[in-house]
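Colleague: Would you mind keeping the following structure in view while I ask a few things?
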Amino acid sequence: MSDCDEGVYNFFTAETIEDAKTYLEEYKNKMDTDKIVVKPSHYERYEIEPITFIMRNDLPFYKGNVIKYIARAGFKQYGDLSTIECEKVDIRKAIRYCEMRLNELDGKEITDAR
């Protein structure tokens, strides 16, 4: 074995191997986080993502949120809730935005309960 070959083998120590493992784990976690932020799985089923539809059609904030919550209802997981309970959460969120708009149209405080 040449001196060059021996130097290459000596480069990899327990510490450098651990550093590499740490780097790869952090990279994997970043990629998972990027996927959650950029292309959440609860929107992948649609030909066009709700945000694209909302922005292309210049929809007001409350309408955009209603579309967003209804589109993901039953597909976004909230902790250890069942799929049915998760769907109910998003439906309730959509209803809440409708209620706030009704309050606004009725001249009431937007965030009042209906």
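Colleague: Checking the condition in a helix (DSSP H, G or I) and either of a type in the set (Ser, Thr, Tyr) or within 17 Å of the chain's Cα centre (by Cα) (or both), which residue from LYS88, LYS63, LYS68 passes?
Modeller: Exactly one residue qualifies, and that residue is LYS68.
Colleague: Here's a check for you: in segment 34-87, which residue that is farther than 22 Å from GLU104 by Cβ and in contact with an Asp or Glu (Cβ under 7 Å, 6 or more places away or on another chain) is surrounded by the most Cβ atoms within 10 Å (Cβ to Cβ)?
Modeller: ARG72
Colleague: In this structure, is ILE51 at pLDDT below 95 and under 23 Å from MET100 (Cα atoms)? Outline the logic, then answer.
Modeller: On the way: at pLDDT below 95: yes; under 23 Å from MET100 (Cα atoms): yes.
So ILE51 passes the test.
Colleague: Taking interchain pairs and intrachain pairs at least six residues apart, which have beta carbon atoms under 6 angstrom, with the first residue in segment 47-67 and over 15 Å from ARG92 (Cα atoms) and the second surrounded by 11 or more Cβ atoms within 10 Å (Cβ to Cβ) and of a type in the set (Phe, Trp, Tyr)?
Modeller: GLU49/TYR43
Colleague: Give segment 91-114 a look and list any residue that's in a loop (DSSP other than H, G, I, E, B) and either within 18 Å of LEU59 (Cβ to Cβ) or under 17 Å from the mean Cα position of the chain (by Cα) (or both), or say none.
Modeller: Taking segment 91-114 first, the residues in a loop (DSSP other than H, G, I, E, B) are 106-114.
ILE110 - this is the single residue of segment 91-114 that is in a loop (DSSP other than H, G, I, E, B) and either within 18 Å of LEU59 (Cβ to Cβ) or under 17 Å from the mean Cα position of the chain (by Cα) (or both).
The values are calculated or read from the model by the stated rules, or taken from the named source; none is laboratory data. Computed from a predicted model, the values in this text were never measured in an experiment. All Cβ positions, even for glycine, are placed from backbone atoms using ideal geometry, and neighbour counts span all protein chains on display.
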